[in-house]
Amino acid sequence: MFSQIYSHVEKNAHNYLLLALSFFCTVSVYVTDLIVILLATLWLISGGFKKKIKIIFSHPLIAGSVYFFIYFVCSYLWFGDPVWSPIIKKQLLILLLPILYTLNFDQQYIEKAKYAFIFGLIFNILLSLITLCIPSNPFFKTGHYESNLFLHGFLDHFDYSIFLCFGIFILFSFLEKKKFFRYFILIVIFLIALLNSYGRIGIISFFLFFPIIIIISKQKNIKYSILSIPIIFGLISYYIFPPLHNRVNQTINSIKLLSSEMSLSEKIENDAIYLSSKNDSLSTEYYRKEIMKNEKWVESIKNKEPKYETSIGQRYLYVKNSLYLINKKPFFGFGANQFEKVYMKYYPDLKSIKHPHNNFLFVLVELGICGLVILLYIFYSQLRLFLINKDRSMLQLILPLYF
C-alpha cells in the first residue's frame with residue numbers, strides 16, 4: 001500500500017516538474033537550473049539503474065548523447081583543468097536527455113508540456129509589452145540592446161528569438177480545423193514578437209526552416225496556402241517594425257563592408273562623424289581637420305579594420321581564426337574548455353572570446369573531428385528515426401536543424 005502511494009506521488013512529481021521545466025525554461029535560467037537538479041535527484045532516488053541503462057543504450061539518440069558526454073569528460077580531464085567549471089555545468093545539460101527519457105511521465109503531461117512552453121512565451125510577450133510603456137522596469141533581461149526600445153523579455157535577445165521560433169513551429173503543429181483560427185492568431189502574435197526581438201538568429205532560422213516545416217507537414221489542406229503568409233508578413237514588417245528594419249540594414253551594411261575595403265578618407269570621415277555625435281558643440285568638419293593635423297592619429301585610423309568591428313565582421317573573423325586553429329589539431333582538438341585559452345594564445349592582440357558563435361566550429365576546435373563525428377551521430381539517429389517512424393512529428397527535427 002505504502003509503495004503504491006509512494007509510486008503515485010513520485011510519478012506526479014515527475015509530471016509537474018516536466019510542466020515547470022517547459023514553462024520556466026523561457027522565463028528564468030535560475031528556476032530552470034533548480035528544476036533540472038530536482039529531476040536529476042528524483043532520477044537517482046527512483047533507482048532501477050539496470051533497466052534505465054538498458055533503455056538508454058537501446059535508443060541511438062539517447063545513447064549518442066551519453067557517448068558525446070563521456071568523450072567530452074575524457075577530453076576535459078586530459079588537460080588537468082578543475083573538475084567543476086562553467087563549461088562542465090553547461091555540458092552536464094546533455095545528460096538531461098537520458099534523464100527525461102527514462103523518467104516515468106504520463107503521456108498526457110508530455111503533451112501538456114508543449115502548452116506550458118507556449119504559456120511561458122506568452123508570459124514573456126506580455127512583459128515585453130510592459131517594457132514599451134515602462135522601459136526601466138526591473139524584470140526584463142539586461143545586456144545586449146538594453147538601451148534600444150523594443151520588445152524586451154525575461155531572456156537575452158538571442159535565446160528569446162530562438163524560443164519564439166520554436167514556439168511558432170509548435171503552434172503550427174497544433175493547427176486543426178476546429179482551433180485553426182485560435183492558433184493562427186497566436187502564430188501571428190509570436191511572429192510579431194520575433195520580428196521585434198533583435199534576435200537575428202531566430203528570425204533567420206524562422207524564414208530558413210519554416211518552408212521545410214510546411215513541406216513535411218501532414219496538414220496538406222493548409223500547406224501551400226499558409227506558406228506565403230509569413231514571407232509576405234515579413235516583407236511588410238520590414239517597413240513597419242524599426243527593430244527588424246535596423247537589424248536587416250545593419251546586416252546588409254556589415255556584409256558590404258566585408259566585401260570592400262574602406263579608403264583612408266572614409267575611415268577618417270567615420271571617426272569624425274562618431275566623435276561629433278558624442279559632442280553636440282563640435283562639428284564633423286572640426287574633428288576631420290583635427291585628425292588631419294595629427295600624423296599619429298591618422299596612422300592609428302589607417303591601421304583600423306572597420307569591417308571586423310561590426311557584429312557580422314567579428315563573426316567572420318571568429319570563423320576565419322577558428323578554421324586556422326582546427327587545422328592545427330584536426331582529429332582530437334585542443335581539449336574541452338580550451339577554446340578561450342587557445343584563441344588568446346594564437347591571437348593575443350584580439351578580444352578574448354569564449355565561443356566562435358558557431359557550434360560546429362566550437363566542437364571541432366575543442367574536440368576535433370572525433371567529437372564532431374559523435375555529435376553528428378546524434379543528429380543522424382534523430383533524422384533516421386524521423387524518416388522511419390510513421391507517426392513522426394515535425395518537432396523531432398528541431399534539434400538537428402537548430403544546432
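The values are calculated or read from the model by the stated rules, or taken from the named source; none is laboratory data. Predicted, not measured: the structure shown is a model, and the values here were computed from it. In this analysis, Cβ positions are derived from the backbone assuming ideal geometry, glycine residues included, and neighbour counts consider all displayed protein chains. For accessibility, only protein heavy atoms count, side chains too; no ligands or nucleic acids. Shrake-Rupley method; radii C 1.70, N 1.55, O 1.52, S 1.80 Å.
What to note about this one:
- Residue satisfying all of: in the stretch 322-372; of a type in the set (Phe, Trp, Tyr) and open to solvent by less than 10 Å² (accessible area, probe 1.4 Å); farthest from residue 74 (Cα to Cα) among these: 343
- For the stretch 162-207, filtered to residues that are outside any helix (DSSP H, G or I) and over 19 Å from residue 237 (Cα atoms), the residue that is most open to solvent (accessible area, probe 1.4 Å) is 178.
- Matching residues, the stretch 58-82, being over 24 Å from residue 385 (Cα atoms), free of Cβ contacts under 8 Å to residues at least 40 places away in the same chain and aliphatic (A, V, I, L, M): 77
- Selected residue (criterion: surrounded by the fewest Cβ atoms within 10 Å (Cβ to Cβ)) from residues of the stretch 36-80 that are over 23 Å from residue 12 (Cα atoms) and of a type in the set (Val, Ile, Thr): 70
- The stretch 352-373, subset touching a residue at least 24 places away in the same chain (Cβ under 8 Å) and over 21 Å from the mean Cα position of the chain (by Cα), residue farthest from residue 312 (Cα to Cα): 370
- Scanning the stretch 132-143 for residues that are open to solvent by less than 50 Å² (accessible area, probe 1.4 Å), part of a helix (DSSP H, G or I) and either among the aromatic types (Phe, Trp, Tyr) or modelled with pLDDT of 75 or more (or both) turns up nothing.
- Scan the stretch 256-296 for residues that are open to solvent by 90 Å² or more (accessible area, probe 1.4 Å), within 35 Å of the chain's Cα centre (by Cα) and either under 21 Å from residue 311 (Cα atoms) or among the small types (Gly, Ala, Ser) (or both) and the total you get is 4.
- For first residues located in the stretch 37-57 and without any contact (Cβ under 8 Å) to a residue 12 or more places away in the chain, partners that are open to solvent by less than 100 Å² (accessible area, probe 1.4 Å) and part of a helix (DSSP H, G or I) and lie 6+ apart or on another chain with Cβ distances below 6 Å form the pairs 57/63.
- Cβ-Cβ under 7 Å pairs, at least 6 apart or on other chains, the stretch 251-272 side assigned to a helix (DSSP H, G or I), far side among the polar types (S, T, N, Q) and surrounded by 11 or more Cβ atoms within 10 Å (Cβ to Cβ): 254/310; 254/311; 257/310; 272/284
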